[in-house]
Amino acid sequence: ATLGHLNLLRNDGLESALILSGKKNEAFLKKTVDVTMETVHELADKPSYGSVSGFADGLIGRYLDGEFDRIDLIYHRFKNALVQEVCMETWMPLPPSIVSADAFSDRQQNSRIIVEPTVAESAKVLVDKYLHMNLLRVFTDAAASEHGARMTAMNKATDSADDLLNEL
């Protein structure tokens, strides 16, 4: 999925950079692609809101500073211990369904409801929380998928060892 996405971006004439959280991903991609890479392995093992929030703030800052035009997330979504699916979604800019022009307009002028803080201030806080929680969900899904894959592999190894013992 990552290679396909990188190829699509290259075909469109766009430059790419990767920020990787998995050691296996890093090892594979270092051999196969020539793009700028950063790693954040500490988030992959035990994602917490505090650590992911700091990382999210850094990404948001880099996006707002113009270092990135777009941030896409490619990760394994956990379905169950046997099934994980590769997903790709755009994290920044936010999709129009999340942020519309109406979300940042101050609608209280025509309303009898008084909102404190203003609608625009509330929307900014909610969007910030949405971005942080969405990134935490991605890292948690990836960690759960990794644990599910390990559990399945260990179960198969145990079954193979039991079969081998029974044959002896």
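Only residues in the stretch 124-136 that are farther than 13 Å from Ile60 by Cβ and in a helix (DSSP H, G or I) count as the first member; pair them with residues that are at pLDDT below 90 and open to solvent by 30 Å² or more (accessible area, probe 1.4 Å), Cβ under 7 angstrom, at least 6 apart or cross-chain, and list the lot. Listed by first residue and then by second, the contacts come to Leu136/Pro47. Restricting attention to the stretch 60-82, the residues being in contact with a helix residue (DSSP H, G or I) (Cβ under 9 Å, 6 or more places away or on another chain), of a type outside the set (Lys, Arg) and free of Cβ contacts under 8 Å to residues at least 40 places away in the same chain number 2. If you go through the stretch 45-72 and keep only what is surrounded by 13 or more Cβ atoms within 10 Å (Cβ to Cβ), of a type outside the set (A, V, I, L, M) and within 18 Å of Thr90 (Cα to Cα), you end up with Ser53, Phe55, Asp57, Arg62, Tyr63, Phe68, Asp72.
The set of residues from the stretch 51-98 being of a type in the set (Val, Ile, Thr), modelled with pLDDT of 85 or more and part of a loop (DSSP other than H, G, I, E, B) is empty. Of all residues in the stretch 6-19, those that are open to solvent by less than 50 Å² (accessible area, probe 1.4 Å) and not in a helix (DSSP H, G or I) total 2. For the stretch 20-44, residues that are touching a residue at least 24 places away in the same chain (Cβ under 8 Å) and surrounded by 12 or more Cβ atoms within 10 Å (Cβ to Cβ) total 7.
Just to be sure before I move on: is Leu3 among the aliphatic types (A, V, I, L, M), over 16 Å from Ile71 (Cβ atoms), open to solvent by 60 Å² or more (accessible area, probe 1.4 Å) and part of a helix (DSSP H, G or I) in the structure I sent?
Working: among the aliphatic types (A, V, I, L, M): yes; over 16 Å from Ile71 (Cβ atoms): yes; open to solvent by 60 Å² or more (accessible area, probe 1.4 Å): yes; part of a helix (DSSP H, G or I): yes.
Yes: the conditions hold for Leu3.
The values are calculated or read from the model by the stated rules, or taken from the named source; none is laboratory data. On a predicted model such as this, the values are computed, not experimentally measured, just so you know. Positions of Cβ are backbone-derived with ideal geometry, glycine not excepted, and every protein chain shown enters the neighbour counts. For accessibility, only protein heavy atoms count, side chains too; no ligands or nucleic acids. Shrake-Rupley method; radii C 1.70, N 1.55, O 1.52, S 1.80 Å.
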